[in-house]
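Notes follow the structure.
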Amino acid sequence: MQIKFLDLSAAFLELRSEIEEAVSKALEKGQYILGENVSLFEEEFARYCGVKFCVGVGNGLDALELILRACGFGAGDEVIVPANTYIATVLAVSNVGATPVFVEPDEGTFNIDPEKIEAAITEKTKAVMPVHLYGQAVRIDSIREVCQRHGLKLIEDAAQAHGAKHFGKKAGSLGDAAGFSFYPGKNLGACGDGGAVTTNDERIAEYIRIARNYGSEKKYYNSLKGVNSRLDEVQAAILRVKLRYLDEWNSRRQKIARYYLEHINPAKKDGFILPVCLEENEHVWHLFVIRAKERQKLIAHLKENGVDTLIHYPVPPYSQVAYKEINHLSKNFALTNKLSDEILSLPMGPHLSFDEASYVCKAVNDFITGKTN
């Protein structure tokens, strides 16, 4: 059996008629930039997240960067980020001229450890930007308390957490503003790039609404030095269709995750650890990430048995060549370094069948018990 890591074509095929109709109507109207579908999606996604405002932008990186610009952050400012995040979180900070300050994760959830944030705050710190990594919300209440004590902005990187909840409140409504990505592989994914900012702060929303369109409120009149980062009209039409199915598809992911948790037996293998979900969270399992000391052997075994896997992420941001000026900091993040050597993402998605999940579990358990080919 061949098990894809994520079957994107299955998502399209399930909704093919609805997507094709939505795209056809969008094309027929001929308003391809900031049209009706973008406006309606913004309203619908804001309502879904439980916030007043949503502004569609070009991608998730732009969403985070525009939030930072809206807050006035730049050279000389510091923004606290997780040490084990995807590089986009960090790029958003450095792209506005600010300095990323890394904090280690909680070992159980992989999310930034709230207990370690305060020690990283300096007089230059302006914000904390936690990531709801792999689909599980961070312990936001603890982080919010730290931010309030120090007068810091709380910005969510919610790129992997569409529909995730913390004490019943959805990601995207937990901080001052949040950045989402609609990259095709996300829980709510477009058929190309896309992103959005959600917020209850009208000033932030209005700034981004203007800045995304060359800094223009009225055509050919520019009040800001803006950018070109507009959610595409056709992608918005597709996202409007998929948003109606997001909760159902997240539920499918949750069932597959429960199956994995119930049928993979980590106790028989030293250094093999399953992910943890906090009781107060509703995890949407963008990724199902395990830890294995013998990761390369496990990858080879699974590949030999037709199971695709990925690593999210093999190289921490501070160790990337792009950030060679801070590569020396790698020695300060022992846990993140350890995780980057052990983490492995198993197949996960709303179109993964239980027969396929059972096959994955058997392949993993065979490795755990030494029954390899």
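The values are calculated or read from the model by the stated rules, or taken from the named source; none is laboratory data. Since we're looking at a predicted model, the values are computed, not measured. Cβ: placed from backbone, ideal geometry, glycine included. Neighbour counts: every protein chain shown. These accessible areas exclude ligands, DNA and RNA; they are computed on the full protein's heavy atoms, side chains included. Shrake-Rupley method; radii C 1.70, N 1.55, O 1.52, S 1.80 Å.
Annotations
- Residues of the stretch 254-298 satisfying the condition of being farther than 14 Å from residue 344 by Cα, assigned to a helix (DSSP H, G or I) and charged (D, E, K, R): 255, 258, 262, 268
- Any hit, the stretch 1-10, residues being of a type outside the set (Gly, Ala, Ser) and in a helix (DSSP H, G or I): yes
- Residue count for the stretch 314-350, restricted to those that are crowded, with 18+ Cβ neighbours inside 10 Å and part of a loop (DSSP other than H, G, I, E, B): 6
- Residue list for the stretch 26-41, filter: small (Gly, Ala, Ser) and more than 22 Å from residue 180 (Cα to Cα): 26, 30
- Counting the residues of the stretch 53-78 that are under 18 Å from the mean Cα position of the chain (by Cα) and closer than 17 Å to residue 126 by Cβ gives 5.
- Residue satisfying condition, being at pLDDT 95 or above, touching a helix residue (DSSP H, G or I) at 6+ places or on another chain (Cβ under 8 Å), crowded, with 23+ Cβ neighbours inside 10 Å and farther than 26 Å from residue 347 by Cα, within set 152, 66: 66
- Residue list for the stretch 19-30, restricted to those being open to solvent by less than 100 Å² (accessible area, probe 1.4 Å) and in contact (Cβ under 8 Å) with a residue 12 or more places away in the chain: 19, 22, 23, 26, 27
- Among the residues here, residue 44 qualifies as under 28 Å from residue 281 (Cα atoms), assigned to a helix (DSSP H, G or I) and either of a type in the set (Ser, Thr, Tyr) or open to solvent by 10 Å² or more (accessible area, probe 1.4 Å) (or both).
- Number of the exception - residue 68 against (1) assigned to a loop (DSSP other than H, G, I, E, B); (2) of a type in the set (A, V, I, L, M); (3) in contact (Cβ under 8 Å) with a residue 40 or more places away in the chain: (1)
- A single member of 159, 119, 92 is in contact with a Gly (Cβ under 8 Å, 6 or more places away or on another chain), of a type in the set (A, V, I, L, M) and assigned to a helix (DSSP H, G or I), and it is 92.
- Sole residue being of a type in the set (D, E, K, R), open to solvent by 10 Å² or more (accessible area, probe 1.4 Å), more than 21 Å from residue 86 (Cβ to Cβ) and in contact with a Ser or Thr (Cβ under 8 Å, 6 or more places away or on another chain), chosen from 268, 293, 242: 268
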